[in-house]
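Below is one structure, written out as structure tokens; the observations come after it.
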There are 2 protein chains.
Amino acid sequence: LAQVIDPSLEARSFRQAVKARVGTLGRPLTVVGFLTAEAGPSVTYANYTKVGCDDVGIRFDLRHVQRLELERAIDAANADPDVHGVFIYYPIFGGEHDRYVKDLVDPRKDVEGLNTYWVRKLYHNERFDDAARTRKAILPCTPLAIVKLLEAAGAVPQEARPKLGGRTVAVFNRSEVVGRPLASMLANDGARVVSFDVDGPMLFTPAGIEETRVTRAEALRQADIVVTGVPSRDFALVRADELKPGVVAVNFSTFKNFADDVEAKARVFVPRVGPMTVAMALRNALRLYESYHAGA
Amino acid sequence: LAQVIDPSLEARSFRQAVKARVGTLGRPLTVVGFLTAEAGPSVTYANYTKVGCDDVGIRFDLRHVQRLELERAIDAANADPDVHGVFIYYPIFGGEHDRYVKDLVDPRKDVEGLNTYWVRKLYHNERFDDAARTRKAILPCTPLAIVKLLEAAGAVPQEARPKLGGRTVAVFNRSEVVGRPLASMLANDGARVVSFDVDGPMLFTPAGIEETRVTRAEALRQADIVVTGVPSRDFALVRADELKPGVVAVNFSTFKNFADDVEAKARVFVPRVGPMTVAMALRNALRLYESYHAGA
């Protein structure tokens, strides 16, 4: 039977490390959250952020705004020296309009790492924001959370160089928020990653991205790690008989993407990611503070 | 019976003006087009660009690239001082991944005006790129083409200030590429614009954007100008009995969005926009050259 990983427990050590550092800062590290919905998953997510911030000593200022007032509110937070991080709860308008909103956040306050400024660094495997390599690049919270959970699962040999050299991964989701950055991060660390979405498969390797015709069955048969994030009940669940023995299986969809029998075959099963995502946001907030606001 | 506007004829005077200026430049104005598809509408669009460039004396260099080679190819064109404009034929990956591609184009070579740099200027009604107001901001080609066709239709009184003061417009489409920038441009010129898409209506006015509950029927009954761009056969065609007499009707969808009886009731009918879009791309290329490359 698989070891089941509880992301809340794994997040704890990251939260403790953030808390220890936040306690040494000369003034309150302040994150502003912008919420335009009155109910639903984004309200829940905002509440989790609040709990996480309270826990580590970050001041979290949740602002309820009308979506059409959001741009002005972001501009004001960008300009406010007492605000060190900005967190926005999506979806707001949906589609490309939300992409526009992501790029309104000053990269130096972008707790979620979703501004194109950071996205481009990730896709180019630029791990620092300065030539002296003192300011680490900001990574998007959910893909980063998945990588940290894979490390907790023992799926990322820390002594190997590159860390994921020789490993094969299948990722079901190629969104710009999770699936594509995740595939890219894993490939940057040496893995061979087959990324699936409705438009078909794509292969990410340390050398770059390639077209591929690999099938779901082939990719699953080869995968040391399988990550699923298909936001639909219609997805044909990944079954145990499709997997290699000893596989590490991670689901970040709010829907169940693995069949029940997978827990019996996998070595490690990570049923959800959310609490680690929040921990990574707290960590990013601290990193932004230390890189861009500590001396101000 | 409505006057029917042929966008090819209207585009001619813009092309002639571009041609006259291009002829005076000391070296060839060069635009590179990137095409990843082998068939379909983007190939047709590339051919139209080629014909338009040939006509006005712009050197058009169409490069067929694999989509996974595109980022590197754009970087090379950005860095090449002999390339003055870049044109990309979408869709490539689809969705937010294509938004990422749009932002790879150097704004100073962005013939289509789709980089977030220009999009933000448009939404903020910043009409110049410099304090001295010598470098005009680049506007996206299709919304700009629609505005020019409305001017040709006599729907934009050139003597009024603001030009569209007191006018009401209904736009069916709120994509980030056409419908939203168009609504914003018309509102910047003084109009009251009701924008419809699957997520419902939104009101654009010179004072800003507001939520609204106006229905399709109300908006159409009040509209002096109706613009449709619904890329679907399922859209309930706009019928003559929904419209004010004397309305100006513009369709930019590849599908027919107006019923046949609209031509009898409208004052002016613009059945398609494409050729004017190409003319605006040529005009943007010239503008970019004069703003950023003439002295180089």
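Put simply, of A:P143, A:P181 the only residue that is out of contact with any strand residue (DSSP E or B) (no Cβ under 7 Å at 6 or more places or on another chain), within 14 Å of chain B (Cβ to nearest Cβ), open to solvent by less than 10 Å² (accessible area, probe 1.4 Å) and in a helix (DSSP H, G or I) is A:P181. One residue stands out among those in region B:187-215 that are open to solvent by 50 Å² or more (accessible area, probe 1.4 Å) and assigned to a loop (DSSP other than H, G, I, E, B): the one that is nearest to the other protein chains (Cβ to nearest Cβ), which is B:D199.
Number of residues in region A:70-86 that are within 13 Å of another protein chain (Cβ to nearest Cβ) and in a loop (DSSP other than H, G, I, E, B): the value is 0. Report whether or not A:F128 is surrounded by fewer than 20 Cβ atoms within 10 Å (Cβ to Cβ) and either touching a Phe, Trp or Tyr at 6+ places or on another chain (Cβ under 7 Å) or free of Cβ contacts under 8 Å to residues at least 40 places away in the same chain (or both). Yes; evaluated as a whole, the condition is true for this residue. Checking the structure you have, find out if any residue of region B:115-126 is more than 21 Å from the chain's Cα centre (by Cα), closer than 28 Å to A:R180 by Cα and more than 9 Å from every other protein chain (Cβ to nearest Cβ). Looking for residues that are more than 21 Å from the chain's Cα centre (by Cα), closer than 28 Å to A:R180 by Cα and more than 9 Å from every other protein chain (Cβ to nearest Cβ), one finds none in region B:115-126, hence no. Is at least one residue of region B:147-155 of a type in the set (K, R) and either assigned to a loop (DSSP other than H, G, I, E, B) or more than 28 Å from B:G40 (Cα to Cα) (or both)? Scanning region B:147-155, I find no residue that is of a type in the set (K, R) and either assigned to a loop (DSSP other than H, G, I, E, B) or more than 28 Å from B:G40 (Cα to Cα) (or both), so the answer is no. For region A:1-58, enumerate the residues that are among the hydroxyl-bearing types (S, T, Y) and open to solvent by 60 Å² or more (accessible area, probe 1.4 Å). A:S13, A:T24, A:T44, A:Y45, A:Y48 - these are the residues of region A:1-58 that are among the hydroxyl-bearing types (S, T, Y) and open to solvent by 60 Å² or more (accessible area, probe 1.4 Å). For region B:223-241, a residue qualifies if it is at pLDDT 95 or above and either open to solvent by 30 Å² or more (accessible area, probe 1.4 Å) or in a loop (DSSP other than H, G, I, E, B) (or both), and the qualifying residues are B:A223, B:D224, B:G229, B:V230, B:L237, B:R239, B:D241. Of a type outside the set (S, T, Y), part of a helix (DSSP H, G or I) and at pLDDT 95 or above: is that true of B:V105 in this structure? No: the conditions fail for B:V105. For region B:32-75, filtering for residues that are within 18 Å of B:D103 (Cβ to Cβ) and touching a residue at least 60 places away in the same chain (Cβ under 8 Å) leaves 0.
The values are calculated or read from the model by the stated rules, or taken from the named source; none is laboratory data. What you see is a predicted model, and the numbers here were worked out from it, not measured in a lab. Note that we place each Cβ from the backbone using ideal geometry, even for glycine, and neighbour counts take in every protein chain shown. Keep in mind that these areas ignore ligands, DNA and RNA; they rest on the heavy atoms of the full protein, side chains included. Shrake-Rupley method; radii C 1.70, N 1.55, O 1.52, S 1.80 Å.
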